[in-house]
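Trainee: I'd like to ask some things about the structure below.
The values are calculated or read from the model by the stated rules, or taken from the named source; none is laboratory data. Since the model is a prediction, treat every value here as computed from it, not as a measurement. Note that we place each Cβ from the backbone using ideal geometry, even for glycine, and neighbour counts take in every protein chain shown. For accessibility, only protein heavy atoms count, side chains too; no ligands or nucleic acids. Shrake-Rupley method; radii C 1.70, N 1.55, O 1.52, S 1.80 Å.
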Amino acid sequence: MNPTVQFSLLLCAFLVIVLACVKPLGRYIAGCMDGEANLARRIGGPVEGLLYRVCGIDPAEEMSWSRYALAMLLFNGLGVLVLYALQRLQVWLPLNPQHLPAVSADSSFNTAVSFVSNTNWQGYAGESTLSYLVQMAGLAVQNFLSAATGIAVAVAVIRGFARHSSRTIGNFWADLTRSTLYVLLPLSVVLALVLASQGVIQNFDAYRDAKTLEVQTYQNPQLDAAGNPLRDAAGNAVTVSATTQTQTLPMGPVASQEAIKELGTNGGGFFNANSAHPYENPTPLTNFLEMFAIVVIPFALTYTFGLMVGDTRQGWALLAAMLVLFVALTAVAFRSEQAGNPLIAAQGVDQVASDLQSGGNMEGKETRFGIAASALFVAVTTATSCGAVNTMHDSLMPLGGLVPLILMQLGELAPGGVGTGIYSILMFAVLGVFIAGLMIGRTPEYLGKKIEAFEMKMASVFILTTPFIVLFGTAVAVMCTAGVAGIANPGPHGFSEILYAFSSAANNNGSAFGGLSANTPFYNIATGLAMWFGRFWPIVATLAIAGSLAAKKRIPVTEGTMPTHGPLFVSLLLGSILLIGVLTYVPALALGPIVEHFMLVAAR
Amino acid sequence: MDAVYLGMVAGVYLLTVGLVWALNRLRGPS
């Protein structure tokens with residue numbers, strides 16, 4: 001089959017199935033979060049009530065935006081401490097059949113912030129670093145709680161738009177509990193069972209050794225005393241050749257973690273190879289289901305938004321903007337990868353698609369998934385805040401690698417992470433109506449609320465915080481020895497590796513250009529700080545807007561009111577997103593993937 | 001070593017709580 005046709009069919013089937021779930025799931029989420037009596041709440045109600053009683057919480061007690069933010073910060077701050085302690089103490093804790101030692105302090109800090117902030121950036125290899133207890137009681141628990149935090153914040157922000165003359169935006173503890181109990185847990189149980197039925201493993205066995213048929217030779221990178229990779233005079237990594245005929249097969253409770261990894265747009269793999277590992281993602285069906293699970297909640301939240309503000313057309317308009325960005329950039333990723341590498345083609349390597357191969361640039365990709373399913377996964381995982389990978393992003397063509405970079409740098413809002421996607425695009429909607437208001441000389445309004453100075457200041461904090469962290473972090477890293485030491489490919493691609501790392505960390509994605517050796521004190525601290533501030537400062541600004549909007553009176557719709565559910569508004573929204581993204585990041589992108597592309601063209 | 005990283009956690013936490021306080025002051029009592 002023609003690869004373009006194959007990709008188009010895959011993309012269409014994917015979008016049809018996802019969009020078919022938007023309305024029912026969006027309605028279900030709205031019902032659960034607003035306390036509607038549905039089947040899930042009847043079943044889970046006693047557990048929910050018990051949790052409130054044990055924790056001394058009154059779910060009906062409403063919170064101002066600042067109380068909501070402080071509760072959210074307290075909960076997540078404690079989450080960091082617990083996860084840090086679990087890693088540092090794992091050698092003395094149960095469920096550690098490999099007797100893995102305590103994780104280093106800098107890596108524990110990085111991983112704790114990473115999983116609490118829904119980033120799931122992994123500087124370590126899970127199977128050789130973390131015990132089953134830490135994977136389950138630490139990482140998997142935070143997979144649920146960080147995603148639930150995202151949904152809670154999103155619902156609070158939606159209430160800010162939906163309510164009027166109100167000083168409160170809901171109760172964080174109730175929102176957190178409901179999103180975990182009624183949204184994430186049931187979906188995760190179902191998906192975990194389906195994944196297990198397809199071959200994703202779920203056990204507590206010790207790792208198994210298998211003797212390979214052939215002796216394998218590999219290059220072992222050498223590290224200095226500080227853990228940084230050693231380099232020769234030319235700046236290339238120093239490696240030592242080694243051989244083995246033993247392959248260790250890691251085991252573990254993977255299926256249960258895999259489900260929430262995707263549904264919560266977390267992305268942290270049980271194994272280092274993430275969803276490229278056959279125990280995490282064994283078949284094309286699991287690959288499809290994992291992509292579906294990543295985007296379904298973020299897309300559905302647009303309908304939840306529409307329902308909660310009383311006009312579902314508003315939600316469809318946001319979804320339309322998300323879809324335009326998503327489809328356009330997915331197509332670029334596919335075209336770039338399917339075209340292959342001209343330098344390899346010049347050496348006589350066949351990169352043409354046929355019945356026997358996918359063709360194109362297959363470096364870093366699984367042959368069982370091919371170009372189409374890999375390119376779609378690349379877009380899915382970076383259009384959300386997931387960061388799970390089934391292909392190695394560092395091996396993408398320059399323009400193929402540009403796509404995940406841009407998707408992250410635009411703020412991951414097409415459709416974005418669980419919860420984060422909807423509130424991120426709402427911040428751009430606020431900006432969009434503000435720009436429109438400036439153009440026509442009217443006070444900007446959105447959903448019957450005047451957008452005034454305070455909202456614009458908060459939207460500015462929201463929109464500028466992340467780019468500042470990305471660009472400042474990248475600049476510091478390329479100017480200091482510890483930052484440059486991690487680069488695997490000196491030159492523009494090395495710059496891209498660092499830019500990608502900070503784009504991923506600050507936008508809470510977690511995927512990486514894996515050539516960067518990031519498990520060093522410098523990167524563990526720098527990306528740890530980027531993940532925390534990239535997650536929680538925008539959330540605080542968003543909640544502040546929610547609190548301000550909730551307190552406002554609703555303005556009646558008049559002939560002068562700009563409709564925010566039609567193509568004009570969608571175009572305005574897309575224009576705002578692209579304008580901010582382009583102005584902010586094009587200079588940096590020009591130094592990395594763009595110049596790398598031109599170098600490739602020149603070399604050809 | 002742990003004290004350094006736990007101190008860092010406390011630092012970023014307090015800075016974010018400070019942001020809540022500052023934005024709340026900017027807006028006025030909520």
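Trainee: Compute the normalised compactness of chain A: alpha-carbon radius of gyration over 2.2 N^0.38 Å, N being the residue count.
Mentor: After normalising by residue count via 2.2 N^0.38 Å, the value is 0.94.
Trainee: Kindly list the residues of chain B that lie in the label zone of A:Leu89, defined by a backbone N under 16 Å from the point 7 Å along the Cα-to-C-beta vector.
Mentor: B:2-3, B:6
Trainee: Right, something else. What is the distance in Å between the Cα centroid of region A:310-327 and that of region A:10-76?
Mentor: 21
Trainee: Per-residue accessible area for A:Val327 at 1.4 Å probe radius, Å² rounded to 10?
Mentor: Roll a 1.4 Å probe over it and A:Val327 shows about 50 Å².
Trainee: I would also like to ask the following. Karplus couplings for region A:427-434 from phi (6.51 cos²θ - 1.76 cosθ + 1.60, θ = phi - 60°), rounded to Hz, Gly and Pro as x?
Mentor: 5, 6, 5, 4, 5, x, 5, 5
Trainee: Right, another one. Taking only Cα atoms, what is the 0 to 90° angle, nearest 10, from helix A:3-33's long axis to the longest principal axis of chain A?
Mentor: Helix A:3-33 sits at roughly 40 degrees to that axis.
Trainee: Label A:Val82 and A:Gln198 with points 7 Å out from Cα along Cα→Cβ: what is the distance between them in nm?
Mentor: Result: 3.0 nm between the two label points.
Trainee: I'd like to know how region A:218-302 sits against the 2.2 N^0.38 Å rule of thumb: what's its Cα Rg over that expected value?
Mentor: Details: Rg = 18.5 Å, N = 85, 2.2 N^0.38 = 11.9 Å.
Output field value: 1.55.
Trainee: Still on this structure: How tilted is helix A:105-116 with respect to the longest principal axis of chain A? Cα atoms for both, answer in degrees (0 to 90, nearest 10).
Mentor: 40
Trainee: With every protein chain left in place, what is the accessible area of A:Ser256 in Å² (1.4 Å probe, nearest 10)?
Mentor: 50
Trainee: Enter the Cα centre distance for the pair region A:573-604 and region A:496-536, rounded to the nearest angstrom.
Mentor: Between the Cα centre of region A:573-604 and that of region A:496-536, the gap is 20 Å.
Trainee: Using R₀ = 60 Å, calculate the FRET efficiency as 1/(1 + (r/R₀)^6) where r is the Cβ-Cβ separation of A:Asn272 and A:Ser166; round to 0.05.
Mentor: That gives a FRET efficiency of 0.80.
Trainee: Moving on. Taking Cα atoms, how many degrees apart are the long axis of helix A:65-88 and the longest axis of chain A, rounded to 10 and kept between 0 and 90?
Mentor: Compared with the principal axis, the helix lies near 20 degrees.
Trainee: On a straight-distance basis, which lysines could pair with A:Lys457 in a cross-link, Cα separation under 26 angstrom, same-chain partners fewer than 8 positions away excluded?
Mentor: Output for A:Lys457: A:Lys449, A:Lys552, A:Lys553.
Trainee: List the relative contact order of chain A as a percent without decimals, with contacts defined as Cα pairs under 8 Å and 6+ residues apart.
Mentor: On the way: 1126 pairs, mean separation 119.4, N = 604.
Relative contact order here is 20 percent.
Trainee: What is region A:244-378 by shape, rounded, prolate or oblate, if you read a ≥ b ≥ c off the alpha carbon gyration tensor as root eigenvalues and call it rounded for a/c under 1.5, prolate for a/b larger than b/c, and oblate otherwise?
Mentor: oblate
Trainee: Report the far tail of the P(r) of region A:536-589, meaning the percent of Cα-Cα pairs longer than 12 Å. Mind showing how you got there, number by number?
Mentor: Details: 1109 of 1431 pairs.
For region A:536-589, the share of Cα pairs beyond 12 Å comes to 77 percent.
Trainee: Please work out the FRET efficiency for the pair A:Lys211 and A:Ala346, using the Cβ-Cβ distance as r and a Förster radius of 41 Å; give the result to the nearest 0.05.
Mentor: 0.55
Trainee: Quote the convex hull volume per residue of region A:405-492, based on C-alpha atoms, as a whole number of Å³.
Mentor: Cα convex hull per residue, to the nearest whole number: 143 Å³.
Trainee: A follow-up question, please. Work out how much length A:Leu100 to A:Phe468 would gain on full extension: take 0.36 nm times their residue separation and subtract the Cα-Cα distance, in nm to one decimal. Mind dumping the intermediate values first?
Mentor: Numbers: separation 368, 0.36 × 368 = 132.48 nm, distance 3.77 nm.
Here the answer is 128.7 nm.
Trainee: Next question. Which of A:Val22, A:Leu70, A:Met562 sits closest to the plus end of the dipole of chain A, meaning its Cα is farthest towards the positive end, when Lys and Arg get +1 and Asp and Glu get -1 on the C-beta?
Mentor: After comparing all options, I get A:Met562.
Trainee: Using 7 Å Cα-to-Cβ label points, what is the A:Val557/A:Arg368 separation (nm, one decimal)?
Mentor: It is 5.1 nm.
Trainee: Would you kindly find the accessible area of A:Met362, with a 1.4 Å probe and non-protein molecules such as ligands, DNA and RNA excluded, rounding to the nearest 10 Å²?
Mentor: Here the accessible area works out near 50 Å².
Trainee: Measure out, as a whole number of angstrom, how far apart the alpha-carbon centroids of region A:225-274 and region A:391-405 sit.
Mentor: Centre-to-centre (Cα) distance: 19 Å.
Trainee: While we're on this one: How big is region A:413-554 along each principal axis, measuring the range of its Cα positions in Å and listing the largest first?
Mentor: 55, 27, 24 Å, listed from the longest principal axis down.
Trainee: Let me ask something additional. Ordered by residue, what ³J(HN,Hα) values in Hz, to whole numbers, does region A:514-529 give under the Karplus form 6.51 cos²θ - 1.76 cosθ + 1.60, where θ = phi - 60° and Gly and Pro are x?
Mentor: Computed from phi, the couplings for region A:514-529 are x, x, 6, 7, 9, 8, 10, x, 4, 6, 5, 6, 5, 6, x, 5 Hz.
Trainee: Around A:Leu223, which amide H atoms from residues at least 5 apart in sequence, or from another chain, sit under 5 Å from its own amide H, with H modelled in the peptide plane?
Mentor: Correct list: A:Leu230.
Trainee: Among A:380-392, A:17-29, A:425-437, what's the highest-first ranking by average C-beta atoms within 10 angstrom per residue?
Mentor: Per-residue Cβ counts within 10 Å, averaged per peptide and sorted highest first, yield A:380-392, A:425-437, A:17-29.
Trainee: Next up: Protein chains only, probe 1.4 Å: how do A:Ser241, A:Ser336 rank by accessible area, largest first? Walk me through the numbers on the way to the answer.
Mentor: Working: A:Ser241 75, A:Ser336 20 Å².
So, going from the largest accessible area down, we get A:Ser241, A:Ser336.
Trainee: Convert 25 °C to kelvin, take the viscosity as 0.890 mPa s, use the Kirkwood radius over C-alpha pairs of region A:91-175 as Rh, and evaluate the Stokes-Einstein diffusion coefficient in µm²/s, rounded to a whole number.
Mentor: Rounded, D is 164 µm²/s.
Trainee: Something else now. Note down the magnitude of the dipole of region A:405-475 about its Cα centre, charges +1 on Lys and Arg C-beta and -1 on Asp and Glu C-beta and zero elsewhere, to the nearest 20 debye.
Mentor: Once rounded to the nearest 20, the dipole reads 140 debye.
Trainee: Give the calculated FRET efficiency between A:Ile435 and A:Phe598 to the nearest 0.05, with a Förster radius of 41 Å applied to their Cβ-Cβ distance.
Mentor: That gives a FRET efficiency of 0.80.
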